[in-house]
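Enquirer: Got a structure here, written out as structure tokens. Questions coming.
The values are calculated or read from the model by the stated rules, or taken from the named source; none is laboratory data. None of these values were measured; they are calculated from a predicted model. Neighbour counts run over all protein chains shown; Cβ positions are idealised from the backbone, glycine included. For the accessible areas, the whole protein counts, side chains as well, though only heavy atoms, and no ligand, DNA or RNA atoms are used. Shrake-Rupley method; radii C 1.70, N 1.55, O 1.52, S 1.80 Å.
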Amino acid sequence: MQSHPNPEFNPSVTAHRDRGLQKVLERLIGTMERDALVIQTTNRLRETLQVDRVVLYYFYYQWQGQVTFEALSSEEFSILGSTGPDDCFNDEYAAMYLAGRVRAIPDIESEAIATCHRDFLRQLQVRANLVVPVLTPKGLWGLLVAHHCQAPRQWLSSDIELMQTEAQVLAAAPCIRES
């Protein structure tokens, strides 16, 4: 009688499967930690700044991205899943944000910005815009963005500093830095 080893009881097969499951579990935990951190951050910023919307615009490929998280004063301001205007966000803009550029626009109607950028912001119901990069050792991970939709807003240095601090906290978190 010939015996066929059952892979279920083969220690090397079991160990390999366990390592694979461990990797999946670690990735899932990291994703959950990242999501919780971003949700807490965007909610805290929206409340503190008293704006209509705070979003995280995540870059998933060479300056291609979308809004993956948002905190809202009202559901009418939701832009979850929105992608930026491809024509407007190019290598030049990316290089500026990679260098740490912060962009505070008190009124999109009177600011000297590209027409495609103004039109895009109008579509999103934005009147005032504050953008801070989330920079990790791997590069530009995303943009943390505050939108005031109902009227112009003069951004204070404390608003900008708070956004920068929160972007740095996000960038330093292992669940983001290593993603």
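Enquirer: When the chain is fully extended, how far beyond the present Cα-Cα distance does residue 98 get from residue 37, taking 0.36 nm per residue of separation?
Expert: 19.7 nm
Enquirer: Mind checking the log10 I(q)/I(0) for the range 23-176 at q = 0.19 Å⁻¹? Debye, one equal scatterer per Cα, no solvent, two decimals.
Expert: -1.25
Enquirer: How many angstrom lie between the C-alpha centres of the range 133-179 and the range 87-127?
Expert: When both Cα centres are located, 15 Å separates them.
Enquirer: Something else: Taking the Cβ of residue 118 as the centre, find all other residues whose Cβ is under 12 Å away and add up their charges (Lys, Arg: +1; Asp, Glu: -1).
Expert: Charge balance near residue 118 sits at -2.
Enquirer: Ignoring ligands, DNA and RNA, please state the percent of accessible area on the chain from carbon and sulfur, probe 1.4 Å.
Expert: Here carbon and sulfur together make up 53 percent of the probe-accessible area.
Enquirer: Right, here's the next one. Take residue 83 and residue 168, extend 7 Å from each Cα along the Cα→Cβ direction, and tell me the distance between the two endpoints in nm.
Expert: So the label points at residue 83 and residue 168 sit 3.4 nm apart.
Enquirer: Excluding residue 40 itself, calculate the net charge of residues whose Cβ lies under 15 Å from the Cβ of residue 40, where each Lys or Arg counts +1 and each Asp or Glu counts -1.
Expert: Around residue 40, the surrounding residues sum to -2.
Enquirer: Could I ask something else about it? Per residue, how much accessible surface does the chain expose to a 1.4 Å probe? Answer in Å², no decimals.
Expert: 59
Enquirer: Please compute one quarter of the surface area of the Cα convex hull for the range 129-169 and express it in square nanometres.
Expert: Taking a quarter of the hull surface, the average projection is 3.0 nm².
Enquirer: Additional query: Tell me what the chain gives for mean residue ellipticity at 222 nm when only DSSP H runs of n ≥ 4 count, each as -39,500 (n - 2.57), the sum divided by the residue total, rounded to 500 deg cm²/dmol.
Expert: For the chain, the value works out to -14000 deg cm²/dmol.
Enquirer: Based on a Kirkwood Rh over C-alpha pairs, give the Stokes-Einstein translational diffusion coefficient of the range 24-110 at 25 °C and viscosity 0.890 mPa s in µm²/s.
Expert: Rounded, D is 165 µm²/s.
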